[in-house]
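Have a look at the structure below, then the notes.
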Amino acid sequence: MDISITNPDTTLPVDRAFVISMVIKSFKGRRDVEVHLFRSKWDPEEYEGMDWDRLLGAPLDGSSGDPEGSKFFILEAFTDTERHTLIDYLKTQYSTRLTSIRSAPISFPVPTGLTGFTQISGGKSTGFIEFSKIPSYPLEMDLMGFYDLNRHPPLADDE
């Protein structure tokens with residue numbers, strides 16, 4: 001399994017600043033499915049305690065510039081300690097099922113107009129892995145993973 005952990009080049013403006021994705025070898029009839037991991041819940045005090053003026057930047061081109069999704073994007077991210085705990089868990093629990101784990105810091109300021117994963121509904125080819133529903137899941141964080149099956153080739157092509 002390939003594990004790529006990118007550390008920040010500079011001091012980050014907030015501890016909650018790391019994103020993680022993993023690639024599952026075979027999932028729901030598809031191969032090499034990328035899953036974006038995120039925290040699905042947080043305390044309202046954490047939301048209120050963020051210095052949003054410092055963390056958020058100009059809107060994305062063509063977006064409304066609504067800051068709420070960009071705020072959620074940051075709140076869904078992991079601290080450095082959480083990411084190492086999560087990566088250790090994935091390496092131990094899923095070593096034979098994953099081809100890679102990647103983590104990198106968020107680039108600040110985060111543009112406004114993003115959509116957080118917690119704002120998305122599952123669809124025909126998109127969905128969520130709810131780790132807290134897995135009986136063996138030991139971590140205290142409310143972890144979820146978002147995937148889009150249309151972005152990955154079917155296993156049937158291997159024949």
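A cut-off of 5 Å between modelled amide H atoms, ignoring neighbours fewer than 5 places along the same chain, links Ile20 with Leu37.
How many lysine pairs does the chain hold where the Cα atoms are under 17 Å apart and the two sit 8 or more places apart or on different chains? Please list the in-between numbers first.
Working: Lys25/Lys91; Lys28/Lys124; Lys41/Lys71; Lys41/Lys133.
Lysine pairs meeting both conditions in the chain amount to 4.
Assuming R0 = 35 Å, can you tell me the calculated FRET efficiency for the pair Ser26 and Gln119, based on Cβ-Cβ distance, to the nearest 0.05?
Details: r = 29 Å, r/R0 = 0.82.
After rounding to 0.05, the efficiency reads 0.75.
Overall dimensions of segment 92-138, expressed as equivalent-ellipsoid semi-axes from the Cα gyration tensor (√(5λ), whole Å, largest first), are 25, 18, 12.
Relative to the longest principal axis of the Cα atoms of the chain, the long axis of helix 80-94 makes an angle of roughly 10 degrees.
Can you tell me the mean projection area, over all orientations, of the convex hull of segment 56-159's alpha carbons? Units nm², please. Walk me through the numbers on the way to the answer.
Values: hull surface 35.5 nm².
Result: a mean projected hull area of 8.9 nm².
Computed FRET efficiency, Cβ-Cβ of Thr85 and Thr11, R0 22 Å: what is it to the nearest 0.05? Calculated value: 0.50. Average 1/r across all pairs of distinct alpha carbons in segment 48-110, invert it, and you get the Kirkwood radius: 14.0 Å.
Of the solvent-accessible surface of the chain, computed with a 1.4 Å probe over protein heavy atoms with every protein chain present, carbon and sulfur atoms account for 47 percent. Each Lys or Arg adds one and each Asp or Glu takes one away; over the other residues whose Cβ falls under 14 Å from the Cβ of Thr81, this sums to -2. Given R0 = 22 Å, the distance between the Cβ atoms of Ile134 and Leu155 translates into a calculated FRET efficiency of 0.50.
The values are calculated or read from the model by the stated rules, or taken from the named source; none is laboratory data. Owing to the predicted nature of the structure, the values given are computational and were not obtained by experimental measurement. Neighbour counts are summed over all protein chains in view; Cβ atoms, including those assigned to glycine, are modelled from backbone coordinates with ideal geometry. Please note that ligands, DNA and RNA were not included when accessible areas were found on the heavy atoms of the full protein model with its side chains. Shrake-Rupley method; radii C 1.70, N 1.55, O 1.52, S 1.80 Å.
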